[in-house]
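The values are calculated or read from the model by the stated rules, or taken from the named source; none is laboratory data. Quick caveat, the model's predicted, so the values are computed rather than measured. Every residue, glycine as well, gets a Cβ built from its backbone with ideal geometry; the counts of neighbours run over all protein chains shown. Ligands, DNA and RNA are excluded from the accessible area calculation, which covers all protein heavy atoms including side chains. Shrake-Rupley method; radii C 1.70, N 1.55, O 1.52, S 1.80 Å.
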Amino acid sequence: MARVCGRLRKGVAIAAALGTLGLPVVVGALWGAVRGVAEVGPTAVDVAVPHVPGSASPSAAEASVLEAGMKRQLDAAVRRIMREAHVPGVTVGLWTPGKGSYVRSFGVADRRNGVPMTPGLCMRIGSETKTFTVTALLQLADRGRVSLDDPIGRYVDGVPGGSRITLRQLAGMRSGLFNYSEDKGFVKALTSDPRRSFTPRQLLDYSFRHPVLFPPGRKFDYSNTNLILLGLVVEKASGQRLGDFIRQNILQPAGLDRTLFPADAGFPDPHAQGYTNQTASGKVEDATDRNPSWAWAAGAMISDMRDLRVWARMVATGTLPDGTTLISPALQRQRLEVLPTGVPGAGYGLGIFDVNGWIGHNGSLPGYESLTVHLASERTTLVVLLNTDVRHDGQEPATLFGEAVTKIATPGRVFRLSVPPSAG
């Protein structure tokens, strides 16, 4: 039987500070040094700035790359993190209208054959799925189909304390419900057969066998259980499957044709192979074809850099690329009312975080990590996609890239997540 080790608790503590994913299930000796991930060579792929769907052609200033000195600094910073954290491949996109852009891929998408990482590859985006699920919920609230202050017990039976936990508290990670991905039985079931399929109710059963951690609303505690419940609310209130509702009401209107909510373990081509040590043995393995049903509304979605660039601004502003409304301004304001998480400079709203002004979410599940954020004060968007979730000195590699890039590009607004000492 796989041993559940310290990273599970630490992952939750970090997540509780920011949403850095309680999604990964963690087993084996995961805090050891990473071995078996190829060192990254100097290869990098530089590409043209992708066109944003539904918008006018980019201006000359927006389409130009950043000045050479900053580009060299960014290249060096990304390569340094790759070497230190043993990251196989990463794509970084940074855009500021009027100042230029930086779109680069480094390393390999597949360690077996050395195929290079490129910006057009599909990637699993983990907990960034939460931003789509909560957007769907807010759209239904706009239509009067739900109220954020409804109790979850109105929609889903059997929730401990379900008459007192509101949809708002679920979306804001303040329900007190146990995170199913911490349950030892769940960990054993998943790692013994990573390709098995889970139903939402099975996931909830792992959570509901545990007592509620605290009265709803008392504090922040990142739990994937919350999003499984909200996915079921969307389905009940809309009469559609969650993936269908998201596709018809969010992806299609925005022109996000490379983003999908998978119905199974299928992975569109081209995609990067993903590498993880969240395995029964604790050794690094290829996790590309694992079934993401275990994450469902909390983390199953797939996207690419172009679509996430568009999505970053949509989430932060509540508007579609053509300027029309994604969700009402009133609900968007509520979404962005962030509350403390326990980490300095980091707050969490409704399925979204604010880290020193950077609005968005990150994602991490076996084999993949992502970071998609928008800094409204600078009109700057940052997207980071990589094909490993193996931590470096206790830190998510996507966070390390985000901090390194923003130290150079926006030194007054650095994306920094400091793990509190109590996280151990």
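Observations on the structure shown:
- Protection proxy ranking, peptides 248-257, 82-91, 297-306, average beta carbon neighbours within 10 Å, highest first: 297-306, 82-91, 248-257
- Each of residue 157 and residue 201 was given a label point 7 Å from its Cα along the Cα-to-Cβ line. The distance between the two points is 0.9 nm.
- When each of 188/219; 219/283; 71/99 is checked by Cα-Cα distance, pairs over 24 Å: 188/219; 219/283
- Amide H contacts of residue 349: 339, 354, each under 5 Å away and 5 or more positions distant or on a separate chain (H built 1.01 Å from N in the peptide plane; Pro and chain starts excluded).
- Residue list for region 259-277, given a label point 7 angstrom along the Cα-to-Cβ vector of residue 193 and an amide N cut-off under 20 Å: 263-266
- Across region 100-161, Cα pairs under 8 Å and at least six residues apart give a relative contact order of 15 percent.
- Two-decimal Rg/Rh across region 307-350, once Rg and the Kirkwood Rh are taken from alpha-carbon atoms: 1.06
- Reachable aspartates and glutamates from residue 236, criterion Cα separation under 20 angstrom, eight or more residues apart if same chain: 142, 149, 150, 157, 205, 244
- Table column - 3J(HN,Hα) (Hz), region 185-194, Karplus curve with 6.51, -1.76, 1.60, x for Gly and Pro: x, 5, 4, 5, 5, 6, 6, 6, 8, x
- Overall form of region 211-346 per C-alpha gyration tensor (a/c, 1.5; a/b vs b/c): oblate
- Packing-based ranking, highest mean first, of 102-109, 189-196 given that Cβ atoms within 10 Å are counted: 102-109, 189-196
- Highest average first, the peptides 371-383, 113-125, 225-237 ordered by how many other beta carbon atoms sit within 10 Å of their residues are 225-237, 371-383, 113-125.
- Interchain or long-range residues, amide H under 5 Å from residue 271's placed H: 122
- In sequence order, calculated HN-Hα J values of region 349-356 (Karplus, 6.51, -1.76, 1.60; Hz; x Gly/Pro): x, 9, x, 7, 10, 10, 10, 6
- Solvent-accessible surface (1.4 Å probe) assigned to residue 258 amounts to roughly 60 Å².
- Less than 5 angstrom separates the built amide H of residue 320 from those of 325, 326, all sequence-distant by 5 or more or on a different chain.
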